[in-house]
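Colleague: A single structure is presented below for examination.
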Amino acid sequence: MKGVTLTFSFSSSEEAVRFLEVITRVLGHRDILGEVKGTKVKVFIPYSEDYQEVVRKVKLLYIEVHSSSKIGLRRYDAATVLSAANLEVAIPMQALIDALRFSGRRASMEGAFILSDAGFNDIVRLAEQLSRRYSEAVRAGLPTPLRRLIAAAAACTNMSVQEILDVLERKGLIKRDNGVLQASTLDAIHRELERMVSTGSSR
């Protein structure tokens, strides 16, 4: 079989494995062969009508994943991050931005891109944790704005969504009236969630 072989170097074997996983998920079931050897990845792309486009995409993915070792703000394609993550349920991008900020990272959205000082692998792992917590928040029947904030905070702590709800209720920030959840201002809840994440305490 004829084709193009690309070799990429990474700072760790974990980063190399993650890159191969990203390629597989983003490009789907193409006849692409990948091999990890230490901190290097070899990717074989067979000739086809669109092989040049596939080569271009693989190189762009490498730039995106590899840029996570740089200092300062980096720009990540949100679709690539979500494709690389094993998500239990779909997550709003703003929830991921909230989770990054709760965890002490700089983060914002710029169109379809995430701007953050967090590494690519860190963002993917946080997205996976957020997805699990967001699923809990959906099952708890939380309204959308509250669901987003509480799931984001829970993703950055060892607390479940229900445990965070219990704390907020004890502090009078939320209450249930005939089974309907009522919340005080989101600003007050946001400040309390920030405190809980930063101190690692529910007190």
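Colleague: Any residue in the stretch 117-135 that is within 17 Å of Arg106 (Cα to Cα) and assigned by TED's automatic domain parsing to the domain that holds Ser83 sitting within a Cβ distance under 8 Å of a residue that is buried (at least 21 other Cβ atoms within 10 Å of the Cβ) and aromatic (Phe, Trp, Tyr)? List the pairs, counting only those 6 or more apart or interchain.
Modeller: Phe120/Tyr76; Ile123/Tyr76
Colleague: List the number of the failed condition for Ala152; all other conditions in (1) at pLDDT 95 or above; (2) in a loop (DSSP other than H, G, I, E, B) hold.
Modeller: (2)
Colleague: Restricted to the stretch 96-128, and to residues that are closer than 16 Å to Arg18 by Cα and surrounded by fewer than 21 Cβ atoms within 10 Å (Cβ to Cβ), which residue is modelled with the lowest pLDDT?
Modeller: Of the residues in the stretch 96-128, the ones closer than 16 Å to Arg18 by Cα are 118-128.
So of that shortlist, the ones also surrounded by fewer than 21 Cβ atoms within 10 Å (Cβ to Cβ) come out as 119, 121-122, 125, 128.
Working: Gly119: 85, Asn121: 82, Asp122: 88, Arg125: 90, Glu128: 94.
Among them, the one singled out is Asn121.
Colleague: May I pose another question? For Leu61, all conditions in the list (1) surrounded by 13 or more Cβ atoms within 10 Å (Cβ to Cβ); (2) under 18 Å from the mean Cα position of the chain (by Cα); (3) at pLDDT 85 or above hold save one; what is the number of the exception?
Modeller: So Leu61 meets the others, but not (3).
Colleague: Please state which one of Ala16, Ala79 is within 20 Å of Ala118 (Cα to Cα), modelled with pLDDT of 85 or more and loosely packed, with under 14 Cβ neighbours inside 10 Å. Please lay out each step first, then the result.
Modeller: Numbers: Ala16 fails: loosely packed, with under 14 Cβ neighbours inside 10 Å.
On inspection, the qualifying residue turns out to be Ala79.
The values are calculated or read from the model by the stated rules, or taken from the named source; none is laboratory data. The model shown is predicted, which means the values in this text are computed figures rather than measured ones. Using ideal geometry, Cβ is built from the backbone for each residue, glycine included, and neighbour counts are taken over all protein chains shown.
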